[in-house]
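**Q** The following block contains the structure, expressed as structure tokens.
The values are calculated or read from the model by the stated rules, or taken from the named source; none is laboratory data. Quantities reported herein were computed from a predicted structural model and do not represent experimental measurements. Don't worry about glycine lacking a Cβ; one is built from the backbone with ideal geometry, like all the others, and counts go over all protein chains shown.
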Amino acid sequence: MQGFRRDLAAVAGFLVFVGAVPRLLTNDYYINALTLSWIHAIIAVGLNLLMGYAGQISLGHAAFYGLAAYTSAIITTTLSLPILVGMSAGIALVGIVAYLIGIPTLKLKGHYLAMATLGFGIIIYIVINETIGLTGGPSGFTGIPRLTLFGYKFESDLSYYYLVAIILACVILVSLNLIHSRVGRALRAIHTSEVASLVIGIDIAKYKIFVFVLSALFAAIAGVLYAHLITFVAPSSFGFNFSVELVTMVVLGGMASIWGAVTGALFLTVLPEFLRTFENIEILLYGAILIVCMVFLPGGIAGGCAKLLKLVRGGKGENVGL
Amino acid sequence: MGISSYLQFLVSGLTVGSTYGLTALGFTIIFNTTGIINFAQGEFVMLGGMLSVFFLKWLHLGLPLSVLFSLLVTTLVGAAIEQFTIKPVKDSSVINLIIVTIGVSIFTRGLAMLIWGKDTFALPQFSGSAPLTFGGVAVTTQSIWILAITLSLLFLLRAFFTKTIYGKGMLACSYDRKASYLVGIGVQKMVLLSFMISALVGAVGGAILAPVTMTSYDVGILLGLKGFAACIIGGLGNPFGAAAGGLLLGVLESFGAGVISSAYKDAFAFLVLLILLFVKPSGLFGQTRVERV
Amino acid sequence: MKKVSLCIAALSLVALSLSAAFAEDALKIGAIFSVTGPASFLGEPEKNTALMLQDQINAKGGVSGKKIELIVYDDESDVNKAVLAADKLLKKDKVMAVIGPTTSGNTFAIEDKFEKANIPLISCAAAEKIVKPVKKWVFKTPQSDRLAVMKIYDTLVAKKTKKIALITVSDGFGQSGREVLKELAPRMGLEIVADEVYGPKDTDMTAQLTKIRGSGAGAIVCWGTNPGPAVIAKNRVQLGMDIPLYMSHGVASKKFIELAGSAAEGIMLPAGKLIVADQIPGIDPQKAILLKYIKDYESRYKAPVSSFGAYAGDALTLVTKAVETGKSSNPADIRNSVEKTKGFVGITGVFNFSPEDHNGLDENSFEMVVIERGDWKIIKK
Amino acid sequence: MSGSEGEILKCEKVAVRFGGVQALNGVNFSVRRGSITAIIGPNGAGKTTLLNVISGLVNADDGMIEFDGSHITRMPPHERGRAGLVRTFQNLEIFTNMSVLENVMTGCHRLVNYSILDSLGRTPKYWKGERACREHAERELGFVGLTDAGDMMAHELPFGSQRLLELARAISSEPRLLLLDEPAAGLNMRETRNLGAIIKRIGEERGITIVLVEHDMDLVMRISDRITVLNFGEVIAEGAPLEIQKNPDVIAAYLGVEEEG
């Protein structure tokens, strides 16, 4: 109960902070950068459930993100159906695809799993790129309507920002709930020892597929939010590079830490905006920061913060769920 | 389509495939001693090609000398990467180390872009550009160079791993690092060595490929990706598997483009690889490790 | 722990807002180019040209007595970065007009913002869809693919070719070329007997060419940008194919000839006049401008010019000219003046804008050229 | 529900091959309900393989396994776990990324019956299940004497306590049959004695049938009711501890391998 109160307080605190940010700053040109960060955070939180908790890597999550974005785009634009239909269809399709892919794929382990998810991501990318009649091909898909829900059009960037922040808060809360349950324990158990999990009666295949589908669904939610925010999608946003960036967000933020995933997503999405002033050497700095972070923060940003807190308080380390 | 077309697909596929195979070989060497998938492997290939171009076009050293220097420099870069980025975090988890190599790859690519710009460069073919034709099937002399060098590298590496004390030490590390340390193998030295050899193999690939595929600061991305796929499909850790995986991927792409659809050739190749993985979950030539509980 | 995360987040935001530039009383023009990433071979010369022009204009005392300040952002060939850059230019830098982005996709991603903000956008991307249908605030300087395709097809028809094979790159450039090629072929009485695609980073296209060899095509049309077409040129020679090879204006740079080497001989393509500036007759209104641009660019950057840089150069000149003729730096006045621009002699061609045509170029902006002895040669009509 | 009255586990003619090696060769093995049965034998005799076959981690190439009256020969391992057939491991397999208490709570997995949706929304059912699970786990920690270690991370425990933790985790799932794979390996004498006492209490107080593979003959002789001896994948003797000690085949098999027994 105490743990739950702390989670609730943390999420509430997060919402207050996120809500206050636009008021603290005078110019809102960065609002979309933050909205994008939160969208990425939604995927990173899901991917962390899969990677950080259940210990299963995926190098194909950009594909789920893209698949949902394109599905909603096509349904709302080409077929002119309501946005809610498009979004639901996008999320549902990803759920089904993830389930079907998950069955054979999650039997693989370690690098072989990485390779299989990567291959799947590439196949989806190529299909999006080549079914030009449907997706608009490499030049992208234009004219997607801006999000309207229950008669309210999220026209301003600020309203969209709040919407995404609230959805992210829900995703965080749901994920925290999951971790602190028998399901969460089962996932962490699978991570450390598959045989030990099996013999105490945990159906590891079922849980692996469950968490894979769940993380794909989070990516899909992010995908449809993205499509109706930018109102344009192009295949290049959903390629292998983005999948790797997502994994980087999770590891840099801190494996097995929900708040770490959020921080990692924020950090890696906003970092290039900072580095812009350095122009040419931006990419060098980006690479160097990545290396330095991993060298000095082996537990990611979350791990580093936990260590810091431990030093400050001189007390016991924080619990894993954080 | 005649038989000569199919033969042509095969030859093209083998040529492209050996480029993947060479990259895959580099992955395998580092993986075997450290357990890391080195995402910067593609950058070694890039450096091999770009440095050759650099020595040839800017410093006018002549082709053989340029290639030699590029191999040397890339090997040193490999050593530097190990010393400055891998060694300080050697006790980190494997996934952290992999992220470090991603950082290294971004950094190296960025540096190459700043130094040599964003253009593509070509290296002259080693022995003239006139292709040889066998019954309607064209084979460039460079393809023969590539195949020959790939094969000799494979055998050299095999000899190295089975005959020399260093090679055996590296193999031992791959089986059990702690045990190797206990029997007095300098694990740290072996890791350094594996990065150097891997860089060298990558650079050889980059230099011999540049005449055919051309080179630019960003060729490493795609080659890294395909090389990774090849070394997994061959069975991670097995150098011959890596080479075979590369050739298979190349041939699949070539036949995919020629017979099925050029738009979906990569999708076709990866689909076949996925099915292969589902049937053989530890790659074509990977040993299934018996889990002891 | 969460508090620390929040602190980090807050710090990032503060730092973000601190990077604000210092404003001064100058004509602020924004620019978004793909200086890095896959499209950087386009974006870099664009940025270089725009910066060079800025200096030249300011050295001459600016526009209507005011200096211009060009604010360039790199979108890294990435859609999201282009969107963020556009936000920054519109909301923070409050520019009066924007040139770029480099690629069609990135233009699509941000054009609505400009319609809403009522700020003119002069795109440097090729796709016809950018200006068709016409959007009030959006213009573009590169020739549409349609003009290039027509040049090639006219040549093919003149040579009585009936069957053609296409090989196009699977990116935005190749896709829009392929669409126009397929749309116009039947109208010109051409039959497409092979329609092949290759990936932007592919290094061997013999499989596709082998297929084309067996298709009975009388000509190959390849649509792509370096290095793919150079690989195709080489592969074609390796396979001993003698089917004539046509390329797009995407390879109209010396780099292509360097990469393809002897395999480039005999290849024909439509190209802006820039690469044959010394060959066009002296009465051509563009000649002087082209020669000056080549001289300035090559002496400043020690690198060969490319027609891509010209797109940005023309876009910037267009904006500054509009400020001069409209005697106003108000975005709406700039837009109106750009739309009324007639007979503007740019590097890419002679522009005649109108409310119906926001590109303003015609077929005369291209010359059909052939590569002979490692150099371009205009094909006489 | 139960088949033959006295037997909870019955293996008939179980055979396992690894490549060319015959790890188990027609093993007949049965366990009486409520007993503590030890499997002993020299290294490589197939003891762990037999446990693996029973717990389902290795599939039998031949033969039949019956647990509490039902055939489980082809049943996947997690279903055997759920059916109440649970085991521990020779190389500890504790969940190092969790606290000690969470380890044991994971052991209760099959007893907690709220659904995934309940956990996503933390419904009242979740709270009820979670509270019950925690209390249950705390009891089990108390049973093995680790009450105070609940909040520690599992990997911070000393080795001997990790063995106990694995035991607590196993019994927290309330198995009907518990397989212990060398539970005393790596323990000192005092720890072994403590472990022996706990194992005996598990049998007596909880009514759980126990099968253990063990090298420590002292422990085996002290706590087991029945002993089965394996050698080269075959059962060479079976009986009460005293009988086994005197069996000439067993002595022969152990000569030069173990100094005692």
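**Q** Taking only the stretch D:94-107 into account, find how many residues are within 8 Å of chain A (Cβ to nearest Cβ) and either buried (at least 23 other Cβ atoms within 10 Å of the Cβ) or among the hydrophobic types (A, V, I, L, M, F, W, C) (or both).
**A** Counting residues in the stretch D:94-107 that are within 8 Å of chain A (Cβ to nearest Cβ) and either buried (at least 23 other Cβ atoms within 10 Å of the Cβ) or among the hydrophobic types (A, V, I, L, M, F, W, C) (or both) gives 7.
**Q** Looking only at the stretch C:75-94, count how many residues are more than 8 Å from chain A (Cβ to nearest Cβ) and surrounded by 24 or more Cβ atoms within 10 Å (Cβ to Cβ).
**A** Of the residues in that region, 5 qualify.
**Q** Within the bounds of the stretch A:256-270, is there any residue that is without any contact (Cβ under 8 Å) to a residue 60 or more places away in the chain, under 19 Å from the mean Cα position of the chain (by Cα), farther than 22 Å from C:ILE32 by Cβ and away from chain B (no Cβ under 11 Å)?
**A** Yes: the stretch A:256-270 contains one or more residues that are without any contact (Cβ under 8 Å) to a residue 60 or more places away in the chain, under 19 Å from the mean Cα position of the chain (by Cα), farther than 22 Å from C:ILE32 by Cβ and away from chain B (no Cβ under 11 Å).
**Q** Further question: On the given criteria, is D:LEU120 at the interface with chain A (Cβ under 8 Å from one of its Cβ atoms) and either farther than 17 Å from D:PHE29 by Cα or surrounded by 22 or more Cβ atoms within 10 Å (Cβ to Cβ) (or both)?
**A** Answer is yes for this residue.
**Q** Another question, if that's okay. Residues being surrounded by fewer than 24 Cβ atoms within 10 Å (Cβ to Cβ) and within 12 Å of chain C (Cβ to nearest Cβ): count how many of those fall in the stretch B:10-37.
**A** The total comes to 3.
**Q** Taking A:PHE232 as the residue in question, decide whether it is away from chain B (no Cβ under 13 Å) and either aromatic (Phe, Trp, Tyr) or in contact with a strand residue (DSSP E or B) (Cβ under 9 Å, 6 or more places away or on another chain) (or both).
**A** yes
**Q** Being in contact with a Leu (Cβ under 9 Å, 6 or more places away or on another chain), among the aliphatic types (A, V, I, L, M), closer than 24 Å to B:GLY286 by Cβ and more than 8 Å from chain C (Cβ to nearest Cβ) is the requirement here; does B:ILE232 meet it?
**A** On the way: in contact with a Leu (Cβ under 9 Å, 6 or more places away or on another chain): yes; among the aliphatic types (A, V, I, L, M): yes; closer than 24 Å to B:GLY286 by Cβ: yes; more than 8 Å from chain C (Cβ to nearest Cβ): yes.
So B:ILE232 passes the test.
**Q** Please go through the stretch C:77-115 and give me each residue that is in a helix (DSSP H, G or I) and hydrophobic (A, V, I, L, M, F, W, C), ordered by number.
**A** Listed by number, the residues that qualify are C:VAL79, C:ALA82, C:VAL83, C:LEU84, C:ALA85, C:ALA86, C:LEU89, C:LEU90, C:PHE108, C:ALA109, C:ILE110, C:PHE114.
**Q** Confirm whether B:GLY17 is over 26 Å from B:ILE95 (Cβ atoms) and either over 22 Å from the mean Cα position of the chain (by Cα) or modelled with pLDDT of 90 or more (or both).
**A** Working: over 26 Å from B:ILE95 (Cβ atoms): yes; either over 22 Å from the mean Cα position of the chain (by Cα) or modelled with pLDDT of 90 or more (or both): yes.
For B:GLY17, the condition - over 26 Å from B:ILE95 (Cβ atoms) and either over 22 Å from the mean Cα position of the chain (by Cα) or modelled with pLDDT of 90 or more (or both) - is met.
**Q** Would you list the helices (runs of 4 or more DSSP H) that sit entirely within the stretch A:95-202 and hold 1 or more residues that are within 14 Å of chain D (Cβ to nearest Cβ) and either under 27 Å from D:VAL86 (Cβ atoms) or in contact (Cβ under 8 Å) with a residue 40 or more places away in the chain (or both)?
**A** A:157-179, A:182-192, A:194-199
**Q** Let me ask you something else. Is the stretch B:258-276 home to any residue that is surrounded by 23 or more Cβ atoms within 10 Å (Cβ to Cβ), of a type outside the set (Phe, Trp, Tyr), facing another protein chain (nearest Cβ under 7 Å) and within 14 Å of B:LEU25 (Cα to Cα)?
**A** no
**Q** Of a type in the set (Val, Ile, Thr), surrounded by fewer than 19 Cβ atoms within 10 Å (Cβ to Cβ), over 21 Å from the mean Cα position of the chain (by Cα) and not in a loop (DSSP other than H, G, I, E, B): does that describe C:ILE57? Quick ask: steps written out before the conclusion?
**A** On the way: of a type in the set (Val, Ile, Thr): yes; surrounded by fewer than 19 Cβ atoms within 10 Å (Cβ to Cβ): yes; over 21 Å from the mean Cα position of the chain (by Cα): yes; not in a loop (DSSP other than H, G, I, E, B): yes.
Against the criterion (of a type in the set (Val, Ile, Thr), surrounded by fewer than 19 Cβ atoms within 10 Å (Cβ to Cβ), over 21 Å from the mean Cα position of the chain (by Cα) and not in a loop (DSSP other than H, G, I, E, B)), C:ILE57 qualifies.
**Q** Taking the stretch C:26-48 as the region of interest, how many residues are part of a loop (DSSP other than H, G, I, E, B) and either closer than 12 Å to C:VAL95 by Cα or at pLDDT 90 or above (or both)? Reasoning before the result, please.
**A** Of all residues in the stretch C:26-48, those part of a loop (DSSP other than H, G, I, E, B) come to C:26, C:34-39.
Cutting the leftovers down to either closer than 12 Å to C:VAL95 by Cα or at pLDDT 90 or above (or both) gives us C:26, C:34-35.
Number of matching residues: 3.
**Q** Would it be correct to say that C:ASN226 is in a loop (DSSP other than H, G, I, E, B), of a type outside the set (Ser, Thr, Tyr) and either free of Cβ contacts under 8 Å to residues at least 24 places away in the same chain or touching a Ser or Thr at 6+ places or on another chain (Cβ under 9 Å) (or both)?
**A** yes
**Q** Pick from B:GLY227, B:GLY184: which is over 23 Å from A:ILE128 (Cα atoms), more than 9 Å from every other protein chain (Cβ to nearest Cβ) and modelled with pLDDT of 90 or more?
**A** Going through B:GLY227, B:GLY184 in turn, just one is over 23 Å from A:ILE128 (Cα atoms), more than 9 Å from every other protein chain (Cβ to nearest Cβ) and modelled with pLDDT of 90 or more: B:GLY227.
**Q** Which residues, counting only those in the stretch C:342-381, are in contact (Cβ under 8 Å) with a residue 40 or more places away in the chain, among the charged types (D, E, K, R) and under 30 Å from C:THR325 (Cα atoms)?
**A** Of everything in the stretch C:342-381, those that are in contact (Cβ under 8 Å) with a residue 40 or more places away in the chain, among the charged types (D, E, K, R) and under 30 Å from C:THR325 (Cα atoms) turn out to be C:GLU356, C:ASP357, C:ASP362, C:GLU363.
**Q** Still on this model: Please note which strands (runs of 3 or more DSSP E) are completely contained in the stretch D:22-123 and include at least 1 residues that are of a type in the set (S, T, N, Q) and touching a residue at least 60 places away in the same chain (Cβ under 8 Å).
**A** On the way: elements: D:36-40, D:62-67, D:85-87.
Correct list: D:36-40.
**Q** I would also like to ask the following. What tally of residues in the stretch A:277-288 results from selecting those that are over 24 Å from the mean Cα position of the chain (by Cα) and either crowded, with 19+ Cβ neighbours inside 10 Å or of a type outside the set (A, V, I, L, M, F, W, C) (or both)?
**A** Within the stretch A:277-288, residues that are over 24 Å from the mean Cα position of the chain (by Cα) and either crowded, with 19+ Cβ neighbours inside 10 Å or of a type outside the set (A, V, I, L, M, F, W, C) (or both) number 5.
Yes/no per residue for (1) surrounded by fewer than 23 Cβ atoms within 10 Å (Cβ to Cβ); (2) in contact with a Phe, Trp or Tyr (Cβ under 8 Å, 6 or more places away or on another chain):
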{"position": "C:ALA219", "(1), (2)": "yes, yes"}
{"position": "C:ASP242", "(1), (2)": "yes, no"}
{"position": "C:LEU245", "(1), (2)": "no, no"}
{"position": "C:GLY261", "(1), (2)": "yes, no"}
{"position": "C:GLU265", "(1), (2)": "yes, no"}
{"position": "C:LEU290", "(1), (2)": "no, no"}
{"position": "C:ARG300", "(1), (2)": "yes, no"}
{"position": "C:GLY309", "(1), (2)": "no, yes"}
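**Q** Still on this model: D:ARG87 fails exactly one of the following numbered conditions: (1) of a type in the set (D, E, K, R); (2) more than 11 Å from chain A (Cβ to nearest Cβ); (3) farther than 23 Å from D:ALA237 by Cα. What is the number of that condition?
**A** So the condition that D:ARG87 fails would be (2).
**Q** Checking the condition part of a helix (DSSP H, G or I) and not hydrophobic (A, V, I, L, M, F, W, C), which residue from A:GLY55, A:GLY3 passes?
**A** After ruling out the rest, the residue left standing is A:GLY3.
**Q** Report the residue count in the stretch D:163-175 for those that are within 12 Å of another protein chain (Cβ to nearest Cβ) and either assigned to a loop (DSSP other than H, G, I, E, B) or not hydroxyl-bearing (Ser, Thr, Tyr) (or both). Even if it seems obvious, please write down each step before you answer.
**A** First, pick out the residues of the stretch D:163-175 that are within 12 Å of another protein chain (Cβ to nearest Cβ): D:165-166, D:168-175.
Narrowing the set further to residues that are either assigned to a loop (DSSP other than H, G, I, E, B) or not hydroxyl-bearing (Ser, Thr, Tyr) (or both) leaves D:165-166, D:168-171, D:173-175.
Looking only at that region, the number is 9.
**Q** Does B:GLY186 count as over 26 Å from B:LYS90 (Cβ atoms) and among the small types (Gly, Ala, Ser)?
**A** It is false that B:GLY186 is over 26 Å from B:LYS90 (Cβ atoms) and among the small types (Gly, Ala, Ser).
**Q** Kindly provide the set of residues from the stretch C:96-126 that are aliphatic (A, V, I, L, M) and within 19 Å of C:ALA85 (Cβ to Cβ), ordered by number.
**A** C:MET96, C:ALA97, C:VAL98, C:ILE99, C:ALA109, C:ILE110, C:ALA117, C:ILE119, C:LEU121, C:ILE122, C:ALA125
**Q** Also, quick follow-up: So which residues in the stretch A:253-284 are of a type outside the set (Gly, Ala, Ser) and not in a helix (DSSP H, G or I)?
**A** A:MET255
**Q** Working only within the stretch B:54-105, note down all residues that are touching a residue at least 40 places away in the same chain (Cβ under 8 Å) and not in a helix (DSSP H, G or I).
**A** B:LYS90
**Q** Answer yes or no: is there a residue in the stretch B:205-226 that is free of Cβ contacts under 8 Å to residues at least 40 places away in the same chain and β-branched (Val, Ile, Thr).
**A** Looking for residues that are free of Cβ contacts under 8 Å to residues at least 40 places away in the same chain and β-branched (Val, Ile, Thr), one finds none in the stretch B:205-226, hence no.
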